[in-house]
Amino acid sequence: MTDTEPPTYDAIVLAGGAARRLGGADKPSVRVGGRPMLDRVLTACAGARNTVVVAAPRPTSRPVRWTRENPPGSGPVAALDAGLRHTTADRVVVLSADLPFLEVATVEHLLSALQTSGADAALLTDAEGRDQPLVAAYRTASLRHALTALAEADGSGLTGLPLRRLTAALDLTRVPDPLASFDCDTWDDIADARARIREHGNVLDEWISAVKDELGLDLDVDTGVLLDLARDAAHGVARPAAPLTTFLVGYAAAQGKGGPEAVAEAARKAAALALRWEEEANAAEQSASGKPAPDPGPGR
């Protein structure tokens, strides 16, 4: 691995808790911003070489490997151990399935902190400074050793053990992130997350992410370019032209099997066309009023 290459890692997502404070609801399937929280977490760790979800199988936005702790419901340490048995990378990112604000950048930050610190694990801390061992990156060998030692020391295995017993045996580095570490344990937490998603500064990015996830698209979208195009089409042609034009730009880029550059080029052409339409409309209005119309020139 070079300094510019992202580290190879596997991901374990724990999604089999009882959710007692949600009345036993299937918490990973609860939607925030129109997407199940589990899918939001899976999007954040999409760079994993292998992703293991410890829970009963269900539909997800991308393929994963499923496993269960034995017996089911025997706690997070047992679930983590079950997931770790299906990983092979030197690093493993461990996540809970109720993190609505987790992003790819968060996972990358954790992996970078693990790499540079030399610690056994890099984990987030929440707004109160508490460790969040289910939003963390671990060295796989260190985690395996700690799990084995814990099982042997307890004598009765890993059932029911708290995560703090596991992390107490590890050298930790901490990354403060109150937003990414926000987890949903109650319906009030979920209501809070849904409200934050719709805050003005977040709503467009959240909506674009949700649409891409729903349509199975892996594409960086320059929302500024598309919004400018929609404005030009609405102003220079007619308001209904805005959504139709942006659709046609996306379709043209897809036909050419292009990425963000193809979208930008198609948007540039469409915006120039909308400007020509506006100039012609202005010229017609000036002609009707008896004023001489400026010549936009052959290059426009």
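Name the single residue, out of those in the range 119-133 being touching a residue at least 12 places away in the same chain (Cβ under 8 Å) and outside any strand (DSSP E or B), that is most open to solvent (accessible area, probe 1.4 Å). Steps first, answer last, please.
At the first step, the residues of the range 119-133 found to be touching a residue at least 12 places away in the same chain (Cβ under 8 Å) are 119-127, 129, 131-133.
Among the residues that remain, those that are also outside any strand (DSSP E or B) are: 119-120, 126-127, 129.
Numbers: A119: 3, D120: 38, D126: 22, A127: 73, G129: 48 Å².
Here the answer is A127.
Would you check if there is a residue in the range 62-78 being out of contact with any His (no Cβ under 9 Å at 6 or more places or on another chain), closer than 24 Å to L150 by Cβ and aliphatic (A, V, I, L, M)? Let's see the steps before the verdict.
Initial filter on the range 62-78 (out of contact with any His (no Cβ under 9 Å at 6 or more places or on another chain)): 62-64, 66, 68-78.
Going one step further and asking which of them are closer than 24 Å to L150 by Cβ, we end up with 68-78.
Okay, now just the ones that are also aliphatic (A, V, I, L, M), so 77-78.
For the range 62-78, residues out of contact with any His (no Cβ under 9 Å at 6 or more places or on another chain), closer than 24 Å to L150 by Cβ and aliphatic (A, V, I, L, M): present.
Please work out which one of (1) within 24 Å of V104 (Cα to Cα); (2) open to solvent by less than 40 Å² (accessible area, probe 1.4 Å) is the condition R174 fails and give its number.
Failed condition: (2).
Have a look at K269, K257 and point out the one that is modelled with pLDDT under 80 and either surrounded by fewer than 15 Cβ atoms within 10 Å (Cβ to Cβ) or in a helix (DSSP H, G or I) (or both). Break it down into steps so the answer makes sense when it comes.
Details: K269 fails: modelled with pLDDT under 80.
After ruling out the rest, the residue left standing is K257.
Only one of (1) at pLDDT below 95; (2) more than 19 Å from A82 (Cα to Cα) is not met by A119, so which one is it?
(1)
Given the conditions (1) under 14 Å from the mean Cα position of the chain (by Cα); (2) within 22 Å of D192 (Cβ to Cβ); (3) crowded, with 22+ Cβ neighbours inside 10 Å, and given that V107 satisfies all but one, which numbered condition is not satisfied?
Failing condition for V107: (2).
Consider only pairs whose beta carbons are under 7 Å apart and that are at least six residues apart or on different chains; among these, list those whose first residue lies in the range 258-272 and is under 12 Å from D220 (Cα atoms) and whose second residue is buried (at least 18 other Cβ atoms within 10 Å of the Cβ) and aliphatic (A, V, I, L, M).
A262/A253; V263/V249; V263/A253; A264/V225
Suppose the filter is farther than 18 Å from A137 by Cα and either outside any helix (DSSP H, G or I) or open to solvent by less than 90 Å² (accessible area, probe 1.4 Å) (or both); does A169 pass it? Don't jump to the end; show me each part of the working.
Details: farther than 18 Å from A137 by Cα: no; either outside any helix (DSSP H, G or I) or open to solvent by less than 90 Å² (accessible area, probe 1.4 Å) (or both): yes.
Taking the combined requirement at face value, the residue does not satisfy it.
Mind listing whichever residues of the range 134-160 are charged (D, E, K, R) and either touching a Gly at 6+ places or on another chain (Cβ under 6 Å) or part of a strand (DSSP E or B) (or both)?
R139, the sole residue that qualifies.
Exactly one condition in (1) touching a Phe, Trp or Tyr at 6+ places or on another chain (Cβ under 6 Å); (2) modelled with pLDDT of 95 or more; (3) crowded, with 16+ Cβ neighbours inside 10 Å is not met by F101; state its number.
The number of the failed condition is (2).
Can you confirm whether L217 is surrounded by fewer than 15 Cβ atoms within 10 Å (Cβ to Cβ), among the aliphatic types (A, V, I, L, M), modelled with pLDDT under 85 and outside any loop (DSSP other than H, G, I, E, B)? Full working, then the answer.
On the way: surrounded by fewer than 15 Cβ atoms within 10 Å (Cβ to Cβ): yes; among the aliphatic types (A, V, I, L, M): yes; modelled with pLDDT under 85: yes; outside any loop (DSSP other than H, G, I, E, B): no.
So L217 fails the test.
Cβ-Cβ below 8 Å, separation at least six or inter-chain, first residue in the range 176-192 and in a strand (DSSP E or B), second of a type in the set (A, V, I, L, M, F, W, C) and at pLDDT 90 or above: which pairs?
That search, which allows pairs on different chains as well, returns P176/L124.
So, in the range 29-39, of the ones that are open to solvent by 10 Å² or more (accessible area, probe 1.4 Å) and part of a helix (DSSP H, G or I), which residue ends up modelled with the highest pLDDT? Break it down stepwise before answering.
Looking only at the range 29-39, we keep the residues that are open to solvent by 10 Å² or more (accessible area, probe 1.4 Å), and these are 29-31, 33-36, 39.
If we keep only those that are part of a helix (DSSP H, G or I) as well, we get 29, 39.
Numbers: S29: 88, D39: 93.
The selected residue is D39.
Go through (1) within 22 Å of A89 (Cβ to Cβ); (2) in contact with a helix residue (DSSP H, G or I) (Cβ under 7 Å, 6 or more places away or on another chain); (3) open to solvent by 30 Å² or more (accessible area, probe 1.4 Å); (4) not β-branched (V, I, T) and name the single condition A141 misses.
It is condition (2) that A141 fails.
Kindly provide the set of residues from the range 147-166 that are of a type in the set (D, E, K, R) and either open to solvent by 80 Å² or more (accessible area, probe 1.4 Å) or in contact with a Ser or Thr (Cβ under 7 Å, 6 or more places away or on another chain) (or both), ordered by number. Reasoning before the result, please.
So in the range 147-166, the residues of a type in the set (D, E, K, R) come out as 152, 154, 164-165.
Those that are of a type in the set (D, E, K, R) and either open to solvent by 80 Å² or more (accessible area, probe 1.4 Å) or in contact with a Ser or Thr (Cβ under 7 Å, 6 or more places away or on another chain) (or both): E152, R164, R165.
Can you tell me which residue within the range 44-78, out of those that are open to solvent by 10 Å² or more (accessible area, probe 1.4 Å) and assigned to a helix (DSSP H, G or I), is nearest to K212 (Cα to Cα)?
My answer is P76.
The values are calculated or read from the model by the stated rules, or taken from the named source; none is laboratory data. Bear in mind the structure is a predicted one, so any value in this text is a computation, not a measurement. Here Cβ is always computed from backbone atoms with ideal geometry, including for glycine, and neighbour counts include all displayed protein chains. These accessible areas exclude ligands, DNA and RNA; they are computed on the full protein's heavy atoms, side chains included. Shrake-Rupley method; radii C 1.70, N 1.55, O 1.52, S 1.80 Å.
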